[in-house]
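The values are calculated or read from the model by the stated rules, or taken from the named source; none is laboratory data. Just so you know, these numbers come straight off a predicted model, no measurement behind them. Glycine gets a Cβ as well: all are built from the backbone with ideal geometry, and neighbour counts include every protein chain shown. Only protein heavy atoms, including side chains, enter the accessible area calculation; ligands, DNA and RNA are left aside. Shrake-Rupley method; radii C 1.70, N 1.55, O 1.52, S 1.80 Å.
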Amino acid sequence: MNTVFVILILAAMVMVVVSLVRGVVAFLQSTKIDLQSGEQVDATEMQLKQNKAMMARVKWQAVAVVIMAIMLAVAA
């Protein structure tokens, strides 16, 4: 049973790193003009990608915390 939890936590950790890298790549792809122009009222496509990737990171981190809490509850 413990092996299953370890595999799940490793998978969640990998997904956290993947979503973090995707968010950073989207951030790096946004141009300086996009960031400095105050003309745009709504979010750009890159900003939406950044937001989506970072929200995915937060969700995967929450999944990892829940898995760890279950592991601790089962072990006690």
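Below, the figures for the structure above:
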| quantity | calculated |
| --- | --- |
| Highest-MSF residue in the chain out of ALA26, ALA11, ALA56 [GNM, Cα springs under 10 Å] | ALA11 |
| Heavy-atom accessible area ranking, 1.4 Å probe, most first, across ILE7, ILE67 | ILE7, ILE67 |
| Top positive-direction residue, dipole computed over the chain with Cβ charges, set VAL14, GLN29, MET54 | VAL14 |
| Solvent-accessible ranking of THR3, THR44, largest area first, probe 1.4 Å | THR3, THR44 |
| Label point distance in nm, LYS59-VAL24, each placed 7 Å from Cα along Cα→Cβ | 2.2 |
| Per residue accessible area of the chain, 1.4 Å probe, in Å² | 77 |
| For P(r) over Cα pairs in 5 Å bins from 0, in percent, calculated from these coordinates, the label among [x] 3, 16, 19, 15, 12, 10, 9, 6, 5, 3, 2, 0; [y] 3, 18, 24, 22, 17, 11, 4, 1; [z] 3, 16, 30, 30, 16, 4, 0 | [x] |
| Carbon + sulfur, % of accessible area of the chain - ligands and nucleic acids excluded, 1.4 Å | 71 |
| Computed magnitude of the charge dipole of the chain (debye, nearest 20; Cβ of K, R +1, Cβ of D, E -1) | 240 |
